[in-house]
Structures are given as structure tokens and as C-alpha cells.
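Chemist: Right, I'll just put the structure down here and ask away after.
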Amino acid sequence: MARVDVDVFSPLRSIAAYPDCQTLPTDLTCICRLWRETAISIPQLWATIYASAPLREGDVKTFELWLERSAGPAGTHPLDLAIRQVWHQGKDESKLLERILCLAISQSQRWRFISLELCQHYEHLFNSPNAAAFSNLRGVKISVRWWTIEGLHLLLGVLCSSPGLQSIEFGRWMSEYDLDKSLLDVVPWSRVQRLAFSTLDHGPCLYILASSAETLQHVSVSQLIEGNLPGVSKIPHATMYQLQSMHIDRVNIWDHDDLDIGLLFDKLTLPSLHTLRLPNGFDKFESVCSDLTARGWKSLLNLLERSNCKLQIFEFGDDKETGSMSTEASLTEHLASPLFENLTSLRVTSKIGIELDFPQLLNALSEVCENVQRPRLLPHLETLVLDSVSSVENIRGMVSVRVAAYGGYYNSKLRRVSAEFREDNFVLDMDLVSQNHL
């Protein structure tokens, strides 16, 4: 063991201390003296720290030790931190967490990514920060609860002071705060490349996208809800040259028939868009509205045509059983548009083949051009994921037709098909590159 080559640690440099991590850096320090000394000397092993609900003094000491080991010889190694407080935490545990926050803030000049999930008032810890201390920060995730608006302003202002900030995520508790104009102005939208929201009002969404039109590359919204922001109607049409991917998980607009996802699409031009995920479609939450669906498709097709983009990854469906048949028919019809011709990956989250002997989508995917050796629908499709289908025979039949249309497995564009069968309760995963069908 004394002759162990230090190079064996090279592949271990990406080990992270997340809560689901199978191996911790401390495990390596228990093997022998050489392994211990080597592990301690590699700051990358200690530079991702997850601290959640400290219960004892030893947790604070451990956090301090990890900070020390992650600093490196020069004391400047980048640090990724996630600090989480549970809402039912007692007074003693809250004091321990405050000490951990103080230790973390003392190393703020090294922060590369920070995630703060806090449900108690720790505003005073950020009262007199040195803005330059956050100059290396690249990513932020914020989710605070029961903070004052002034405290939230202060926290956002401090974290967003980094000139290199690229990514901001607003977590689940942020939906309790109204993103009014004064709060929106704290964030440097024009410099951010990646944005994610657990919940976002319709009005601020338009404002944020218009404000980040020059730099934003990726945007994700778990739930788009009704909301208003004075002057939203005056927001000009925005051309977002850098936006590559958009994910809107759910639209939840209750009482405003004139507000839907189409209004968002109508305000945008996205020439670089290659990924669009709408896993719950266009409809309002827990409702099926054909008018909303029709308006959604019309706005989406207009967006793609106006943008002249080459959409490559598309996810669509709904989770409303009564609407799944119409969803499949509408999806199949619109996928035939030339605007989807460049798709290489398709995921359908709604049920396929309800009360039909042969699913409409799979039937369309099985059609072959008469004069050209290729499938008629989505000829460049490489990956197909179906979350709920009724028949394995229909899947295998579609795959056989598409493979044959290209002249065999070697020439086939289709590489992978994954389908979950709701009646038989199993998943078929077909790797067509190796021809391995599980």
C-alpha cells in the first residue's frame, strides 16, 4: 500500500459531498497514511459541500474542516456550497446553522456556486458585505421564507453583485413574494445566461425575457401562473438571439381567458432555439380547453416560423386522461409541419393509443416516403421517448419500418426508443446502435 501511485486519485477529483453521494472524501482518509495525506492535499475533493439541518457542535466543526481542506495551498480554490434549513428546526439548531452561514460568508471570495434555502431571518448576516468578496460567483439558487422584502432585496443585491454571474435559480419558497418592479430591478437580467423559476407570474416572465434578450441561453419555469405587472402590455417584441432552450412545465392561469402561453410566444423571436419542453401542454391546470390548445399550437407554429430556427428536441403532452386522445391527434397533425422536420429527439408525456387499435402517432411514424428512402414523419429522429403506451407490438412494428426505410440498423437515424407500457407495467428500452432491446 505504501507504493500506491498518487495518480490513482485523478479520477476522484470530481467526487462531491451531496446528500445522495455514495462515497465521501473522508472515506479515502481512512485507508492509510499516504491515502489520507493525498486526499487532504486535493482541494477538489472537498470543494462541494452540502450542509443541511446541523444537529450538533461536531457538524459545525466538520463544515469548518471541509472549508479549510477545500481552500488549497493558495486559499483560493473555487467553492460550491448548498446550505439548507428545515422549517421545523429548533432554536439550538438555528444557532448552529447561523455559525455555518458565518463560516461560509467568511469564504465568500471563493464562492463559485451558492444555494441558500433558508426559512428564518438571517438578513443581518448580509448587512455589511464586501461586494468584491462575491466577484467569483457564477451561479446562485435562492429560496427564502419568512424574510422581509428589505432582507430579500439585500440578499439579491449582494449575490447579484458579481460581474461574472451567469446562472440564477429561484426556488420553491420564492413564490411567496411578489416580484414587483423594485425587486425585479435588483437582478442584472441583461448579464444572465441561465434562469430557472419554481413559480413565475405571467407578467414578470415577459419583463424578464425582454430584459435578458441579449444574453439568456436557457430558461426553465416549473409553473407559469396568472399575474400582472404594470406596463407589460407595452413590452416590445423581443428577439432573443442566444436563447437555446425553453422549459415550461405547467401553465396554471385560473380566471384570465385572455392570458395563456400563446401570449408569451407571440412576444418572442428565438432564432437559436433548439430545445422546447412543454410536458403539460398549453392547457390550464386541471382543465381541458380546446380553444387554449388551438391558440397554443397556432402561437407555437408562428414562433417557429418567425424565428426560422431548427428545433431539435421537443417534449409535449398533458396529464389529463380525458384530453389525451385529442392531444395525440393534435400532436400527430402538427408534427407533420416542416417546422418540426429537424427534430432529433421527441418525448411524449401524455398517453398514446387510448381506445385505439393502433396509436395515431406510431402509425404516422411508420409511414414511409414513396420516392425517397426515409420515413415520412420526422426523418431525422434519433431518440423517441413515450411515457405511456398501450402495446409493445406497435412499438416494435414502428421501429422495424423506420429501420428498414433507411436500409438497416447501420444506416438508421433512429438510435434509441424508450416506452413505458401502462397495462403491463414495464419499460421497453431499445438501443438500436447495439441492437440491445431490454
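Chemist: Would you kindly state how much longer the chain becomes between V372 and E333 on full extension, computed as 0.36 nm times their sequence separation minus their alpha carbon distance, in nm to one decimal?
Modeler: The V372-E333 span can extend by a further 11.9 nm.
Chemist: Of the peptides 80-86, 100-106, how do they stack up when ordered by the mean number of other Cβ atoms within 10 Å, highest first?
Modeler: So the order, starting with the most tightly packed, is 80-86, 100-106.
Chemist: With the other protein chains left in place, how much accessible area per residue, in square angstrom, belongs to the stretch 88-222 at a 1.4 angstrom probe?
Modeler: Spelled out: the 1.4 Å probe surface of the stretch 88-222, per residue, equals 40 Å².
Chemist: Cα centroids of the stretch 130-171 and the stretch 295-312: how far apart, whole angstrom?
Modeler: Answer, in whole Å: 34.
Chemist: Shifting gears a bit: Just to confirm a number: summing +1 for Lys and Arg and -1 for Asp and Glu over residues other than C119 whose beta-carbon lies under 10 angstrom from that of C119, what do you get?
Modeler: Within the 10 Å Cβ shell, the charges total +1.
Chemist: If you don't mind, another one. Per residue of the stretch 38-52, in order, report the coupling 6.51 cos²θ - 1.76 cosθ + 1.60 (Karplus, θ = phi - 60°) as ³J(HN,Hα) in whole Hz, putting x for Gly and Pro.
Modeler: Per-residue couplings from phi come out as 5, 4, 5, 7, 9, x, 4, 5, 10, 8, 10, 10, 10, 10, 9 Hz.
The values are calculated or read from the model by the stated rules, or taken from the named source; none is laboratory data. Just so you know, these numbers come straight off a predicted model, no measurement behind them. No Cβ is skipped: glycine too gets one built from the backbone with ideal geometry, and neighbour counts run over all protein chains shown. Quick note on the areas: whole protein, heavy atoms, side chains included, nothing else; ligands and nucleic acids left out. Shrake-Rupley method; radii C 1.70, N 1.55, O 1.52, S 1.80 Å.
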